[in-house]
Amino acid sequence: MGWVLCAALLTCVTTTGLAADISPTRFVTPNGMTVLVLEQHFLPIVEIHALIKAGSAQDPPDKAGVANLVASLLDEGTGTRSSKQLAEQIDFVGGSLGAQAGEDFTTASARTLKKDIDLGFILLADILQHPAFPKQEFERVRSQILGEIVSDNDDPGHVAIKAFNQLVFQNHPYRWPVNGTEETLNKITLADVQNFYAKEYLPNQVILTIVGDVTVEQATALVQTHFGSWKKGPGPTRSVRKPAVIDKKTVQLIEKDLTQSTIVLGHPGISRTNPDFYAVTVMNHILGAGGFSSRLMDSIRDKQGLAYGIMSHYDARAMPGSFWINLQTRTETTNQAISGVLAEMKAIREAPVSDQELAEAKSFLMGSFPLRLDSTAKLAQVLAQVEFFGLGFDYFSQYTKWIERVTKEDVLRVAKQYLDPQHYALVVVGNITKAKVRH
Amino acid sequence: MIRQSSKRYWFTRILGALLVFGPASLSMGAEPNEYQLSNGMKVLLIEVPKAPVATVQVWYRVGSRNEVMGRAGLSHMLEHMMFKGTAKYPKGSFSRIVRKNGGIDNAFTSQDFTAYFENVAADRVGLALELEADRMQGLLLDNGEFQTEREVVKEERRLRSEDDPQGALVEALFAQAFLSHPYHWPVIGWFADLDAMSLEDLQRHYDTFYSPNNATLIVVGDIKADALLPTIKHLFEPIPRGPSPKQALPQEPDQRGERRFILKREAQVPFVMMGFRVPNYSSEDSYALDILESILSHGKSSRLYQSLVYEQKNSLAVGAEYSLLQTDPGLFYFYSLVNPGAKVEAVEDALQREIVRLQNEPPSDLELQRAKNQVEASRVFEQDSNFRHAMLMGQAESVGAGWRRVDQFVERIRAVGAKDIQRVAKQYLTQDNRTVGILVPTPSKPPESNPTAVNEGKS
């Protein structure tokens, strides 16, 4: 049994040939639903994963939180099953059923053992097609979300990101938290929920991904049986939103009696379909997403001992998301940490990354690709998103090639273009008085 | 971990101070191939060909339970230092090499064990094994590195406890429930203990506990056990056997009366926790306790959710957890994130009512069967991820249960009856056996300067 220790820098191209074997069956039903099926027979489990192309970005103005409320209420009662009955039925077989809203889309899924696949389809079809939105559940769930919003204010990270999103996105819908705010939630009516559902939850707005111990034939039949009579409707129009722009440095300091400062620094970023996505991924990996191989980790945690967690991230969504660097450091070293972050942002724009950094980043991204696909749950999510973003199913064989093609010059170019150490939003949550932030 | 939904954007060095696992067990799918090397190291290899990936994990039987008062946090500190280099792979190279080879590496420390893992493509397993074998006894402890890394650990403590009201409450609860047993102190340690630590402490801890005879190697994924074993022997068998540290600890004395405490912190909502002293996996009662946990807390149809969240609406989130796979008897605990509009007393009463209900009336056949179905289904879902599969085996081995026990668990679960549930509820969930901790939010101090000053500077 042999193995390879990659001492040489440039020869570490890892094999991901087998990831290219991911070739789902894709078809569109007469009522417009896109269906993806991937057979995985190793374990007798099935994941039925619906992606509805509507999220908090489609919340009505002044009513942030509608999409999330709709998602939260799907399993709180249908035409034939009460909230409790739905819970009892899925729990009895040891499965799971739930829905979650994000900014660009909502996911609703059922996960069961193979033997309970019919029940999984029945329940998921029921909550997607016949949610009842009972008034008492609406009031209860709304009250619960309000409570969660209050509780989230105990998490300085959460407080920081909320403030950061408002500064970066300004009037863009990504400004609002997915679960809304206390103010907007109190304005939402049951009619808002029903209207959003009626407008957005259509079969032609859904990507249904089925992964697990089921054949394509079986899956096709189940889809026809349980979703075949769902009526197609006019797809809602999406207006083109101008991406947010930051034209000057903006600082927000939020006082909280803590021993650490939570720092978020960043600005608008890119969308998932930006052709520079792969070059940006490599650049960002070197900057702050590569764990201990990244510059931010190396400098701010490893060498200076200032932080336990630090990372940089491009939230590449349907519309351009944000770029941020996030860390926590004790109050006394707040300024030092911010300086460190800005220094790294500048450095990666001023000189090309080293051959070693480039090779190692690419090697990681290519080599670790199969790890993103190593469970039915992950496969379902990735497949759905590949379809949602229109990436094409050669994605699985092409990903490594797109990464491999990125050059030092590409990295420098995207660093200059998509990183801005002059025009950014900076949020600090902590003992501001003691931190004496001077940035 | 108990924490609810709020997102945390930090790099997970440890997967929570308490690793509490579900009761999943395995009796299907790939059977582990078990071996014992001549130096005492146990090896478990599980072949899972479904994806060209594998997880390589080394579990050491050392955790915060192996520490002494005054040096709490030593095991976790040592875990951090394990990434700081050997003669062959100097500082900074370990994670870099793994990543360069497309792998992800990390580690975690609990009360009972410290575990290291690499998730890699199947053809890099040898590399991960080589790296782990090398640092098992080749770690170089450098004082400069230690000084810096100690600051990192302090930041971690600030993140998890100092600035986290719920984390602080959990810490205080364990301290109250365990007076003399090492479960008293947090895995991450206290600031004073961290400051008092020396390189000699770390070296002694490493020399005592990091030996092949105190470790279990687990590989789960696209491997062939008989082809991999020679490589493992070649890498690990030369490592000499180390000391056999005494693992038995004096028992925590019986608790003879309720303990209650208040923690006042700036917080938005109250939080209630109740811990009951219970036996671990080695007790005949562990099966009933596990089913009890399911009936109370697994899924939205469970007792606690239906009563406290759905009907009474006094909690935003509620649950019960039983630390089955622990080396020493741990806790069965309840927690509630209190709805801002509700009173803490109401939540305590509600929790107590649920306990009394289970003591006085047997659960329904439906609930009992549901709980058993959930346990059985979980064990299948667990195998969907090589990582989780290996974690479960590693934990079972490291706490002294053995991986076979996990297999047998489901068989024994099937035999649990309604009367058993009542019996264990009556025996263990008593007021005299409980420790209650309540987080009482205090109003924010009025700030000395503008609380949210937004400055738009010149570019």
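Structure notes:
- Region B:151-178 and region A:369-401 have Cα centres separated by 38 Å.
- Per-residue ellipticity at 222 nm computed for chain A from its helices equals -11500 deg cm²/dmol, with DSSP H segments shorter than 4 residues left out and the rest contributing -39,500 (n - 2.57).
- Relative exposure of A:Thr25, A:Thr262, A:Thr184, judged by other C-beta atoms within 10 Å (fewest first): A:Thr25, A:Thr184, A:Thr262
- Value at 222 nm in deg cm²/dmol, rounded to 500, when DSSP H runs of n ≥ 4 in chain B each add -39,500 (n - 2.57): -11500 deg cm²/dmol
- Model label zone, B:Gln247; criterion: amide N under 18 Å from point 7 Å along Cα-to-beta-carbon; scope region B:176-216: B:182-183, B:205-216
- 16 Å cut-off, amide nitrogen to a point 7 angstrom out along A:Lys401 Cα→Cβ, residues in region A:265-282: A:278
- Value of D in µm² per second that Stokes-Einstein yields for chain A, Kirkwood Rh from Cα pairs, at 10 °C (1.306 mPa s): 67 µm²/s
- Paired Rg and Dmax values of the protein assembly as shown, which use every Cα atom, in angstrom: 26.7, 73
- Theoretical gain in end-to-end length, A:His130 to A:Ser143 [0.36 nm per residue, Cα-Cα removed]: 2.4 nm
- Within region B:327-347, backbone nitrogen closer than 12 Å to the virtual label 7 Å beyond the Cα of B:Glu311 toward Cβ: none
- Under the criterion of Cα pairs below 8 Å and six or more residues apart, the relative contact order for chain A equals 23 percent.
- Under Karplus coefficients 6.51, -1.76 and 1.60, residue-wise ³J(HN,Hα) of region B:262-279 in Hz, glycine/proline x: 10, 10, 9, 9, 5, 7, 8, 9, x, 9, 10, 9, 10, x, 10, 6, 9, x
- Angle between chain A longest axis and helix A:156-169 axis [Cα atoms, degrees, rounded to 10]: 90 degrees
- Across chain B, C-alpha contacts under 8 Å between residues 6 or more apart give a mean separation that, scaled by the residue count, equals a relative contact order of 22 percent.
- Kirkwood-type radius of region B:33-236, with distances r between different C-alpha atoms, in Å: 17.9 Å
- Number of Lys pairs (Cα under 30 Å; 8 or more positions apart or on different chains) in region B:201-354: 7
- Excluding same-chain neighbours fewer than eight residues apart, the lysines reachable from A:Lys63 by a Cα-Cα span under 23 Å are A:Lys53, A:Lys135, A:Lys162, A:Lys187, A:Lys199, A:Lys242, B:Lys7.
- Simple label model, 7 Å out from Cα along Cβ direction - A:Ser354 to B:Asp226, nm: 4.6 nm
- Evaluating 6.51 cos²θ - 1.76 cosθ + 1.60 at θ = phi - 60° for every residue in region A:55-68, the Karplus couplings come out as x, 5, 5, 9, 4, x, x, 6, 10, 4, x, 5, 4, 5 Hz, glycine and proline recorded as x.
No lab work stands behind these numbers, since they all come straight from the coordinates. A quick note: this is a predicted structure, and the numbers were derived from the prediction, not measured. All Cβ positions, even for glycine, are placed from backbone atoms using ideal geometry, and neighbour counts span all protein chains on display.
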